[in-house]
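Notes follow once the structure below has been shown.
The values are calculated or read from the model by the stated rules, or taken from the named source; none is laboratory data. None of the values given here were measured: they were computed from a predicted structure. With ideal geometry, Cβ positions are generated from the backbone for all residues, glycine too; neighbour counts draw on all protein chains shown.
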Amino acid sequence: MTGAGLSVRGHMPAIGRGLRPANQGILIEVTDALLPIRVVALYRFTTFQDCEVVRGPLALACCSREVKGTLLLAGEGINGTIAGSDEAIDHVLAYIRALPGCADVEVKESRASTMPFYRMKVRIKREIVTMGKPDIDPLTGAGHYVAPQDWNALIDQPDTILIDTRNDYEVAVGSFAGAIDPRTRTFRDFPAWFHRHREELLGGRRRPKIAMFCTGGIRCEKATAFLKAEGLDDVYHLKGGILAYLEAVTPEQSRWQGECFVFDERVTVTQGLRPGNHELCRACRMPVSAEQRASPLYVIGVSCPACHAERSDEQREGYAERHRQTRLAKVRGTTHVGAALPIRRDG
């Protein structure tokens, strides 16, 4: 569906499963033996009466096993991504599943060659995914779950309105063909976008069929609850999100185009949840493609085409010094305190 204020995803070349180009253009087969770190994205909408009581023991369960990453706690549940050894992750997941209402926590796993996080953080927030609508309750008001294996059948129907609930910089890396891109900077912008384009989206239909998706399932679950509160009932969301789809659906059957941005140092993943080809700009935290890295405006650790004009020479000098200190720390086998810029985490 198109319109003056709506952006619809076009065609992008598919990426082969398990293959990653080397610097010389040679395709290297990536196997689990080369990916010893287990990465787990998880979330669960549940009710925590006192997040402070949960935070300390949860942080201890992670740090005692050298698990790193970020977990967010709020009265509405838990959300985050952690990484570590298989044994360590088993320990932490068992602890989380023992928390109130978390026995069926949504978990999506992948592998990484190196630890994608620098430290462990457990933070308390007002929402585990920030929409700015505290009255929305996904526990009781979410839309219909659609399994990854059934997703193609839904989005292939010509009357289905397909909406990508992620942010603009994520959609730029990859999306489903034909998906509407709201071009939002944060998930908090989604309700206002929908209100502005509601009539254009629905096209006068009394019972429109709307399918929504996001990285791991949490944003689209909350977005469907929002649309149901707006009076729309025929609302669906991809269970487990894009990550579950990329793992479950074969490249031959996949409707996904491009790569999927993830909120850790892997930056992007592809079919089969293999590492992607994007890198992270340390100045603006935006994903940078191979084509963008060929630009003279791209300087590792300093700038990329998206932010070069927005930064002063003084700022770039500061980024260059930080990058130099980070490289020196790596040679020494330590972690530089400025190495890990906070990656955007709004779901």
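Tabulated values for the structure
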read-out	value
Residues satisfying the stated conditions in the stretch 193-240, i.e. of a type in the set (Asp, Glu) and more than 23 Å from the chain's Cα centre (by Cα)	Glu199, Glu200, Glu230, Asp233, Asp234
Yes/no for Ala244 being of a type in the set (A, V, I, L, M, F, W, C) and surrounded by fewer than 18 Cβ atoms within 10 Å (Cβ to Cβ)	no
Strands (runs of 3 or more DSSP E) contained entirely in the stretch 112-222, each with at least 1 residues that are touching a helix residue (DSSP H, G or I) at 6+ places or on another chain (Cβ under 6 Å)	120-124, 144-146, 160-164, 209-213
Residue check for Arg255: outside the structural domain of Tyr145 (by TED's automatic domain parsing), modelled with pLDDT of 95 or more and either in contact with a Phe, Trp or Tyr (Cβ under 7 Å, 6 or more places away or on another chain) or surrounded by fewer than 19 Cβ atoms within 10 Å (Cβ to Cβ) (or both)	yes
Residue in the stretch 297-313 that is more than 30 Å from Gly258 (Cα to Cα), in a helix (DSSP H, G or I), of a type in the set (D, E, K, R) and at pLDDT 90 or above present	yes
Selected residue (criterion: surrounded by the most Cβ atoms within 10 Å (Cβ to Cβ)) from residues of the stretch 77-128 that are among the aromatic types (Phe, Trp, Tyr) and closer than 14 Å to Asp264 by Cβ	Phe117
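Residue by residue, here is whether (1) modelled with pLDDT of 95 or more; (2) within 18 Å of the chain's Cα centre (by Cα); (3) over 29 Å from Glu291 (Cβ atoms) holds:
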{"residue": "Ser113", "(1), (2), (3)": "no, no, no"}
{"residue": "Lys133", "(1), (2), (3)": "no, no, yes"}
{"residue": "Leu154", "(1), (2), (3)": "yes, no, yes"}
{"residue": "Val171", "(1), (2), (3)": "yes, yes, no"}
